[in-house]
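Notes follow once the structure below has been shown.
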Amino acid sequence: MLPKIPFTLVCLLLVGQLSFAQQKAKDNVVIEKKIDALMAKMTIEEKIGQLNQYTGDRLATGPVTANSTKFQDIKMGRVGSMLNVRGAADTRMVQEIALQSRLKIPLIFGLDVIHGYRTHFPIPLAEAASWDLDAIELSAHIAATEAAASGLHWTFAPMVDISRDPRWGRVMEGAGEDPYLGSLIARARVHGFQGNGLGNTDAIMACVKHFAAYGAAIAGRDYNTVDMSEHMLWETYLPPFKAAADAGAATFMNSFNELNGIPATGSSYLQRDILKGKWGFTGFVVSDWGSVREMVAHGFARNNYEAAKYAITAGSDMDMEGHAYIDNLKKLVNDKKVDIALIDDAVRRVLRKKFELGLFDDPFRFSDAARETKVLSDPKNKIAARTVAEKSIVLLKNQNQVLPLSKTTKSIAVIGPLAKSGDDMKGGWAVPWENDHLVSLYEGLMNKVGNSVKLTYAQGCSITDSSKAGFAEAVETARNADVIVVAIGESAYMAGEAKSRANLNVPGVQEELIKALKATGKPMIVMMMAGRPLIFNYTAQNADAILYTWWLGTEAGNAMANVLFGDYNPSAKLPITFPRAEGQIPIFYNAKNTGRPVKDLNDIVYKSAYIDMPNSPAYAFGYGLSYTTFTLTDLKINQPKMTKDGKLQVTCMLKNTGNYAGAQVVQLYLHDLVASVTRPVKELKDFQKVFLQAGESKEVTFVIDKEKLSFYDSKLNWITEPGEFKLMIGDASDHIVLESSFELID
Ligand code: NOJ
């Protein structure tokens, strides 16, 4: 029972809270007045300058346009923000140039801080596999702390694009396929980056991207067209964006794709009607790299002049490295094609963030070399990266409990092209550093076992080429060891932007190496390293154990060694479905039933099936094993019926029935059996990650309210309809252990 709080204390707390809210409102009024005063002094060129963003020269994250007048432009007040400039010294130097401009308006410095800054954390898809929102928030917060100490004000993250297509290389940057899990992760990341609010020196602006539906590119080819129903957009693709906006994200980025015939950058529907209108977003929208001018290639605008007009009209506030605004907006205003009020609104949005960041008080407060040195070498950050990495590793198979490795193991053959790679552990979208050191699997094992276990190594083959010249040595090395640990997968450069793949096999001859090693008869553990779901049917059937390790960052090898030896018991669950073959894509757990569902695998004639393989995936959303075992029992719903304004309480017992302490993700799915718009057969609506000692039990409670039962009707109204709901609780979307039903009544 909660302790009783005295009434006077409640009043004091309320007064305290109100005065905090009032203080915020007061600050906002002050900021708006300062913006008014500044705007009154600005020329049209200076206003347009605030909407112009250029890239720095040391790092390119897109096709750079040669620009010799960049610094001159900054000095003239013709640039509002720079991306790809980082470090206390460099940002200070460039900021000093901005302060030579007439109105001395400071620049905002932005960078893709996607999964760590100096300390590399696991790629975002890997972190999503942890289903651990605190860990994900912490990872974003550490990235923000490091980046903010290095002169940065803004990260182009989180990427919240739902994707059901692992051919798309950018699945690595998101949180997978599910709108519910994706929304919670989006919120956690925004909170992590923005911490206690802009203005604190450990907080940077989040930029929620890519608005919208970029993850649904046809055939998984990057930048490709998106064509989808409004239902799909609102139910599946928009929820994480809404969650991020509600979490207070400072900025949004639009996207390269067109959506139903309109490029997102030129879409008033997305940016004005939904984001700034319906959702009341007060931050600013930056275009993606050159996406304003790319509307010409889309066939939407005749030239950059028209593209700039469409983009500003649609609500794209800042032009990233596109040169379309700086070259055309003034003429558009003079030609009366663009109302100056549109430009004023965009400029206000940008200036508001500069004030909130405190840049007008001290333009250099983020560019502090002493703080940078201290924060970037903080050993706590590596420890956190290791913890998050451990939580991200998914145990896909563990035949005969070959894992964890016994502490008495005498020799391990460490094999494979990724076994000694530190660099690949960075994954895509990692910030480059000179003398960067990431712990490889081999090094992690060395750190763990020292001389107590004999570690031998053979590369076996490379990641992509077809030579099998190293197979004999690898087989010989395996023969002389107690157990084989093989590291195969993709290189870090095979997933990320513009890294779509038509074949999702493990590249090169790596699976043939697995076949050769299998012939030794030694227990074989495969560490699969990749930025997306790969297809590895031979390995799935023939390895004794498989750990899907994605790309785990700075501490990768140490985290993997801890998992291999059972010092961390795997607890991750797949945030995305793994297909058996590319032909199943798009494949996702929350599908509809169809009129001809397959009920019996032996009866597929005239059914919605493939004749050459089952519909089911290789590994389902929500799947992941542990070294221990759990049972789920005693499902109880506190009442069989629920009114729209009521709530249902659902409880069940989780017991750790194995020999190791560990965490289980208890997943709750619902199916609205009959509705005016058909519903998926399963939708994740809640989950809890529960840690239990061996033998321990715990009651798990979920609360179901109207929100979890609502959906968009045929007119896109968010409604609840009375009827029967099936409730399912399990430890994977394809492993439901407890089932019941309830009725929603008027
Ligand atoms: C293009 C990418 O699509 C976007 O995600 C990124 O933030 C920008 N380039 C800047 O690097």
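The values are calculated or read from the model by the stated rules, or taken from the named source; none is laboratory data. Remember, it's a predicted structure, so these values are computed and weren't measured experimentally. Reconstructed Cβ throughout: ideal geometry from the backbone, glycine too, with neighbour counts over all protein chains shown. Side chains included, ligands, DNA and RNA excluded: accessible areas come from the protein's heavy atoms. Shrake-Rupley method; radii C 1.70, N 1.55, O 1.52, S 1.80 Å.
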| note | Screening Leu418, Leu405, Leu395 for residues that are touching a Leu at 6+ places or on another chain (Cβ under 6 Å) and either assigned to a loop (DSSP other than H, G, I, E, B) or hydroxyl-bearing (Ser, Thr, Tyr) (or both) leaves only Leu405
| note | The condition from (1) among the β-branched types (Val, Ile, Thr); (2) assigned to a loop (DSSP other than H, G, I, E, B); (3) away from the ligand (no atom under 16 Å from the Cβ); (4) crowded, with 17+ Cβ neighbours inside 10 Å that Val292 misses is numbered (3)
| request: Please state which of the following conditions Gly358 fails to meet, knowing it meets all the rest: (1) farther than 29 Å from Glu230 by Cβ; (2) open to solvent by 10 Å² or more (accessible area, probe 1.4 Å). | output: (2)
| Of (1) touching a helix residue (DSSP H, G or I) at 6+ places or on another chain (Cβ under 8 Å); (2) in a loop (DSSP other than H, G, I, E, B); (3) open to solvent by less than 40 Å² (accessible area, probe 1.4 Å), Lys468 satisfies all except one. Which? | (3)
| All positions within region 671-684 that are more than 21 Å from Ile587 (Cβ to Cβ) and open to solvent by less than 30 Å² (accessible area, probe 1.4 Å) | Asp672, Ala675, Val677
| remark: Being among the hydrophobic types (A, V, I, L, M, F, W, C), under 23 Å from Lys276 (Cα atoms) and part of a loop (DSSP other than H, G, I, E, B) narrows Val338, Val347 down to just Val338
| query | Of the conditions (1) touching a residue at least 12 places away in the same chain (Cβ under 8 Å); (2) in contact with a Ser or Thr (Cβ under 9 Å, 6 or more places away or on another chain); (3) of a type in the set (Ser, Thr, Tyr), Ser710 fails just one. Which one is it? | reply | (1)
| query | Residues of region 29-66 being within 16 Å of the ligand (Cβ to nearest atom) and part of a loop (DSSP other than H, G, I, E, B), which ones? | reply | Gly56, Asp57, Arg58, Leu59, Ala60, Thr61, Gly62, Pro63, Val64, Thr65
| field | Residues (assigned to a strand (DSSP E or B) and more than 23 Å from Leu181 (Cα to Cα)) located in region 636-662 | value | Lys636, Ile637, Lys641, Met642, Thr643, Lys655, Asn656
| query | In this structure, does Ala308 turn out to be more than 16 Å from the ligand (Cβ to nearest atom) and not in a helix (DSSP H, G or I)? | reply | no
| message | Looking only at region 120-159, count every residue that is in a loop (DSSP other than H, G, I, E, B) and open to solvent by 10 Å² or more (accessible area, probe 1.4 Å) and tell me the total. | response | 1
| task | Determine, yes or no, whether Asn304 is more than 23 Å from Ile274 (Cα to Cα), open to solvent by 50 Å² or more (accessible area, probe 1.4 Å) and assigned by TED's automatic domain parsing to the domain that holds Asp90. | result | yes
| On the given criteria, is Ile114 at pLDDT 95 or above, open to solvent by 10 Å² or more (accessible area, probe 1.4 Å) and within 16 Å of the ligand (Cβ to nearest atom)? | yes
| field | Long-range neighbours under 8 Å by Cβ, at least six apart or interchain, first residue outside the structural domain of Leu133 (by TED's automatic domain parsing) and closer than 22 Å to Leu125 by Cβ within region 375-392, second modelled with pLDDT of 95 or more and open to solvent by 60 Å² or more (accessible area, probe 1.4 Å) | value | Ala384/Leu138; Val388/Leu138
| Looking only at residues in region 201-219 that are open to solvent by less than 10 Å² (accessible area, probe 1.4 Å) and not in a strand (DSSP E or B), which one is farthest from Gly248 (Cα to Cα)? | Ala217
| request: Filter region 256-289 down to the residues that are more than 16 Å from the ligand (Cβ to nearest atom) and among the charged types (D, E, K, R), then identify the one that is most open to solvent (accessible area, probe 1.4 Å). | output: Lys278
